[in-house]
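Some notes on the structure that comes next.
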Amino acid sequence: MTTTIPGAAPDAAADTAADRSAAAPGSSPWQLARRELRRRPAVRVSLCIVLLFVLMAVGAPWLGALGGWSPHEFDKSAVDPYLGGQPLGALGGISPEHWLGVEPVTGRDLYARVVHGAQVSLLIAFAATAIVVLAGTAAGIAAGYFGGRTDTVLSRLMDLTMSFPSLIFMIALLSVAKDVNRIVLMTAVIGIFGWPGIARVVRGQTLSLKHREYVDAARVGGAGPWRILTREILPGVAGPVIAYTTLLIPGMISTEAALSYLGVGVRPPTPSWGQMIAESVAYYETDPMYFVIPSVFLFLAVLAFTLLGDALRDILDPRGGRT
């Protein structure tokens, strides 16, 4: 039987009851996470969109082939040479042959370019996020657990990295680098400047965990630092790290799009959402669909990952989500 405190708001009483049920004995954090994700419609929709984008990126060669056009193939018959290369037909040339229309002047298929652009954007975002999470988690655990000089050196390195104007430095570095793989270079550069944020989160969590009873028991039992870090500390920081990781991905997607928009990211003919948006600016009055289509895909990807990350943070790291 649930007793409602007089004067308490109904929502507060409902939240308290929900918290009690969520904290039921025998429920692991992952069971609670699955239960919470199932009961939030917005999160379910976001998760479906995320899965669709991941499948789009993984299956880009096959999905692009369904439309019958390569992302680099020109179709001069789909544009009007007497109107400055504007797409023939309504809505940017959308037709049974070109499902999302065509690019002005060149006639390249937008469906094929958007699908392959998803592969480039998500590949860079996931790879850069992996670098950030691995480096940040390792540095944060080492700084928090060992303390002393190790903590001082790593903390000052975090401060030094965060003090750099990262966007300006990335633009400058990517501008001078010529004959290199742009995807690898962008991944490395974005990852180098992103690790201090998660390192600070993990350091704070490690400081609160290293004096817990089970950690002291493992230390007294003869466990070495490596075993304590991997078996006792790492599982304790896994929840916040996973939540932070999901929130990092939309920022990485936006960063890649911004660098490509500025002309220092992925270079033609490799398709990228940011690059397509940059090229569409010259045609937004005469062919607005060329601007709308990659912008909508970019918006949906960032929004879906952000909503999913917020939900995971509230579930796996509720204390961090409230602060």
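The values are calculated or read from the model by the stated rules, or taken from the named source; none is laboratory data. Bear in mind the structure is a predicted one, so any value in this text is a computation, not a measurement. Glycine also receives a Cβ, built like all others from the backbone with ideal geometry; neighbour counts cover every protein chain displayed. Just so you know, the surface numbers come from the protein's heavy atoms only, side chains and all, with ligands and any DNA or RNA stripped out. Shrake-Rupley method; radii C 1.70, N 1.55, O 1.52, S 1.80 Å.
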- Message: For the structure I just gave you, tell me whether Ala243 is at pLDDT below 85, of a type in the set (Gly, Ala, Ser), open to solvent by less than 60 Å² (accessible area, probe 1.4 Å) and over 30 Å from Pro294 (Cα atoms).
- Response: no
- Failed condition for Ala282, given (1) open to solvent by less than 50 Å² (accessible area, probe 1.4 Å); (2) at pLDDT below 85; (3) over 27 Å from Ala139 (Cβ atoms); (4) of a type outside the set (Val, Ile, Thr): (1)
- Query: For the subset of the range 169-187 comprising residues that are without any contact (Cβ under 8 Å) to a residue 24 or more places away in the chain and under 21 Å from the mean Cα position of the chain (by Cα), which member is surrounded by the most Cβ atoms within 10 Å (Cβ to Cβ)?
  - Reply: Leu185
- Of the residues in the range 102-136, those that are in contact with a strand residue (DSSP E or B) (Cβ under 9 Å, 6 or more places away or on another chain), aliphatic (A, V, I, L, M) and open to solvent by 10 Å² or more (accessible area, probe 1.4 Å) number 1
- Message: Only one of Pro250, Pro235 is open to solvent by 50 Å² or more (accessible area, probe 1.4 Å) and not hydroxyl-bearing (Ser, Thr, Tyr). Can you tell me which?
- Response: Pro235
- Give just the number: which of (1) without any contact (Cβ under 8 Å) to a residue 40 or more places away in the chain; (2) closer than 28 Å to Thr187 by Cα; (3) polar (S, T, N, Q) does Ser95 not satisfy? (2)
- Hey, can you tell me all the residues within the range 77-132 that are among the acidic types (Asp, Glu) and closer than 18 Å to Pro271 by Cβ? Glu103, Asp109
- Looking only at residues in the range 290-309 that are over 15 Å from Arg44 (Cβ atoms) and either aromatic (Phe, Trp, Tyr) or touching a strand residue (DSSP E or B) at 6+ places or on another chain (Cβ under 7 Å) (or both), which one is surrounded by the fewest Cβ atoms within 10 Å (Cβ to Cβ)? Phe299
- Task: Output the residues belonging to the range 80-133 that are touching a helix residue (DSSP H, G or I) at 6+ places or on another chain (Cβ under 7 Å) and within 20 Å of Glu285 (Cβ to Cβ).
- Result: Pro87, Leu88, Leu91, Gly92, Gly93, Leu100, Gly101, Val102, Glu103, Pro104, Gly107, Leu110
- Please verify whether the range 192-205 includes one or more residues that are touching a helix residue (DSSP H, G or I) at 6+ places or on another chain (Cβ under 9 Å) and closer than 26 Å to Pro294 by Cα. yes
- Task: Taking the residues in the range 66-85 that are open to solvent by 70 Å² or more (accessible area, probe 1.4 Å) and of a type in the set (A, V, I, L, M) as candidates, determine which candidate is nearest to Ile249 (Cα to Cα).
- Result: Leu66
- Query: What residue, of Val102, Val132, Val176, is within 19 Å of Ala257 (Cβ to Cβ) and β-branched (Val, Ile, Thr)?
  - Reply: Val132
- Item | Residues satisfying the stated conditions in the range 46-57, i.e. aliphatic (A, V, I, L, M) and either surrounded by 16 or more Cβ atoms within 10 Å (Cβ to Cβ) or free of Cβ contacts under 8 Å to residues at least 60 places away in the same chain (or both) | Leu47, Ile49, Val50, Leu51, Leu52, Leu55, Met56, Ala57
- Residue list for the range 153-168, restricted to those being among the β-branched types (Val, Ile, Thr) and open to solvent by 50 Å² or more (accessible area, probe 1.4 Å): Val153, Ile168
